[in-house]
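The next block holds one structure in the form of structure tokens; read it before the comments.
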Amino acid sequence: MSRWRRVSGSPPSARNDAAAHSEADMRSFIFGVLVGVALLLVVEVGGLVFIGHALAVSDPLQKADVIVAISGDRGPRTETAVALWQQGYAPLLLFSGASLDPSSVSSAELMKREAVRLGVPATAILLEPEATTTEENATGVARLMAEQRLRSAILVTSPYHQRRASILFARAFAPAGLTFLNHPADDPSWSVDRWWLDPASRTLTLIELAKLGAVIARG
């Protein structure tokens, strides 16, 4: 029998090197996963912020013939329109919107009453009290502006609603040669940069995106 024994396995130094390499590979893998997750979060959050800014389209302000605010919220649209009037951006306000309850006064009338309470003379306010949808807001306002020989407007609605409203108003205004600028209402209940963090804002925005998609698809 041979006096020499064959030693199986690798020398201790080789095993230590392999373990070190394995630990280094694992650290690299974990680091890569964390970086990947971080990048995904940045892309996702960036995309959500982009959606907010895409909805809340806004134009540089300049004077117009009338400031148009359409119904649909609990005050910010009216308050923003009045603030613009007080700053002298237009001599007239125009409120558009029917009543949700046929037995009560129109939403446009309620907006007018609030504007008067805030200091706007009733004689500086026009009403379009029949519209029940954004499309009807647009066509009704365009018709009334043409009747009153008004050519330019500042359009005020909620930030999440501004993009869809702007598309529908552009379609209604173009045949009559009317123009408008977008100015989203100052609405503290909806944040352009953080809308997805609030359940109510998130639901509202997703519904609005669906409606916007339908408007764009219809052409």
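The values are calculated or read from the model by the stated rules, or taken from the named source; none is laboratory data. The model shown is predicted, which means the values in this text are computed figures rather than measured ones. FYI the Cβ positions are ideal-geometry reconstructions off the backbone, even for glycines, and counts take in every protein chain you see.
Would you confirm, using the coordinates I've provided, whether Val120 is among the β-branched types (Val, Ile, Thr), surrounded by 15 or more Cβ atoms within 10 Å (Cβ to Cβ) and over 25 Å from the mean Cα position of the chain (by Cα)? Spelling it out, Val120 is indeed among the β-branched types (Val, Ile, Thr), surrounded by 15 or more Cβ atoms within 10 Å (Cβ to Cβ) and over 25 Å from the mean Cα position of the chain (by Cα). For Gln148, all conditions in the list (1) surrounded by 14 or more Cβ atoms within 10 Å (Cβ to Cβ); (2) of a type in the set (S, T, N, Q); (3) at pLDDT 95 or above hold save one; what is the number of the exception? (1) is the only condition that Gln148 fails. Is it the case that some residue within the range 128-141 is in the same structural domain as Ser96 (by TED's automatic domain parsing), in a strand (DSSP E or B), farther than 13 Å from Leu93 by Cβ and more than 22 Å from the chain's Cα centre (by Cα)? No. Could you please find all residues in the range 152-167 being in a strand (DSSP E or B) and within 13 Å of the chain's Cα centre (by Cα)? Matches in the range 152-167: Val156 only. If you scan the range 95-138, which residues turn out to be of a type in the set (D, E, K, R) and modelled with pLDDT of 95 or more? Result: Glu109, Lys112, Arg113, Glu114, Arg117, Glu128, Glu130, Glu135, Glu136. For the range 170-197, a residue qualifies if it is farther than 15 Å from Ala56 by Cβ and not aliphatic (A, V, I, L, M), and the qualifying residues are Arg171, Phe173, Pro175, Gly177, Thr179, Phe180.
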